[in-house]
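To keep things clear, I will list the structure first and then write my remarks on it.
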Ligand SMILES: C[S@@+](CC[C@H](N)C(=O)[O-])C[C@H]1O[C@@H](n2cnc3c(N)ncnc32)[C@H](O)[C@@H]1O
């Protein structure tokens with residue numbers, strides 16, 4: 001990266017990181033949507049692409065070494081029921097959950113450039129103490145898992161499971177470099193009713209790389225010109241929509257967080273991938289920053305939601 005480019009990227013990080021910033025939707029570039037990719041093979045990613053289907057299968061249609069950065073938030077273990085067959089995160093066993101993501105990330109490794117990086121946002125949870133039911137989620141009644149998985153072997157009731165680090169260590173064993181643990185601190189986190197531990201107000205985002213040397217983020221400065229720190233305070237951006245449940249996604253990432261990650265590890269024209277695209281926050285941010293993007297999402301209703309967001313309709 002030359003000096004001008006470095007300064008440009010640094011400005012982007014500062015500019016696009018401020019919470020609540022919204023960019024003009026008219027800047028959106030064209031894209032293609034593919035619902036049946038069974039027989040597709042893409043030679044290059046000259047156009048942004050939205051694929052509806054299972055991440056691990058869809059990734060196999062993409063050309064190798066074509067993606068500069070991945071920003072993704074796979075379903076958290078046994079937390080939300082997205083109501084589709086083949087969804088990950090419903091596994092009864094923690095090991096099966098970790099294995100399914102490690103396996104999908106093997107395909108990600110294939111499509112990632114050698115100097116590419118992955119921003120992986122993963123949530124943690126507590127063991128249930130062998131309660132198999134889950135109290136309904138007042139904000140998202142229909143979407144919380146109705147049952148809890150059995151307590152993983154070796155853990156005790158009420159233990160914090162450490163899902164993000166279990167996954168990171170498995171990915172390290174699979175050959176990934178774990179380069180940073182970013183703490184996404186949420187100043188507007190929901191209150192919790194628990195009294196015997198601090199209320200959880202953060203999530204973990206890992207920066208992984210495919211090689212020891214990768215896209216140079218060393219010179220990138222964060223807000224106020226300081227070298228970027230590993231604790232990022234970014235409020236969640238709750239969305240109020242008239243249609244409520246039917247037009248909503250229960251786990252949307254803030255756009256400002258997506259912009260920051262993408263601005264740090266890509267440049268104009270790079271390809272950004274989100275294999276668990278959800279409501280498409282990664283894709284929107286990539287589009288706004290003039291990057292090409294590939295989004296994969298299993299649930300057709302969410303792919304429709306992504307299209308509405310890309311069109312600026314919500
Ligand atoms: C945590 S959400 C992602 C939210 C996203 N970051 C956003 O800002 O909207 C995870 C998404 O993964 C999708 N999903 C679950 N299993 C999948 C699979 N096997 N392949 C592709 N997508 C999957 C779910 O439908 C859900 O929308």
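The values are calculated or read from the model by the stated rules, or taken from the named source; none is laboratory data. In this text, all values refer to a predicted model and were calculated from it rather than measured experimentally. All Cβ positions, glycine included, derive from the backbone under ideal geometry; neighbour counts span all protein chains shown.
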Right, residue 243: surrounded by fewer than 16 Cβ atoms within 10 Å (Cβ to Cβ) and at pLDDT 95 or above or not? no
State whether the residues of region 119-141 include one that is assigned to a strand (DSSP E or B), over 19 Å from residue 94 (Cβ atoms) and at pLDDT 95 or above. yes
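Could you look through region 90-112, keep only residues that are outside any helix (DSSP H, G or I) and crowded, with 19+ Cβ neighbours inside 10 Å, and pick out the one that is farthest from the ligand (Cβ to nearest atom)?
Here is the first cut: in region 90-112, the ones outside any helix (DSSP H, G or I) are 90-93, 112.
From what is left, the residues that are crowded, with 19+ Cβ neighbours inside 10 Å are 90, 112.
Values: 90: 9, 112: 17 Å.
Selected residue: 112.
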Please state which of the following conditions residue 64 fails to meet, knowing it meets all the rest: (1) closer than 21 Å to residue 206 by Cβ; (2) away from the ligand (no atom under 13 Å from the Cβ); (3) assigned to a loop (DSSP other than H, G, I, E, B). (1)
Single condition residue 36 does not satisfy, out of (1) within 16 Å of the ligand (Cβ to nearest atom); (2) over 26 Å from residue 178 (Cβ atoms); (3) at pLDDT 95 or above: (3)
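In a helix (DSSP H, G or I) and either at pLDDT 90 or above or loosely packed, with under 15 Cβ neighbours inside 10 Å (or both) - does that describe any residue in region 146-156?
To start, the set of residues in region 146-156 that are in a helix (DSSP H, G or I) comprises none.
No, region 146-156 has no match at all.
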Unmet criterion (only one of (1) modelled with pLDDT of 95 or more; (2) more than 16 Å from the ligand (Cβ to nearest atom); (3) not in a loop (DSSP other than H, G, I, E, B)) for residue 284: (2)
Could you go through region 77-85 and let me know if any residue there is in contact with a helix residue (DSSP H, G or I) (Cβ under 6 Å, 6 or more places away or on another chain) and buried (at least 19 other Cβ atoms within 10 Å of the Cβ). yes
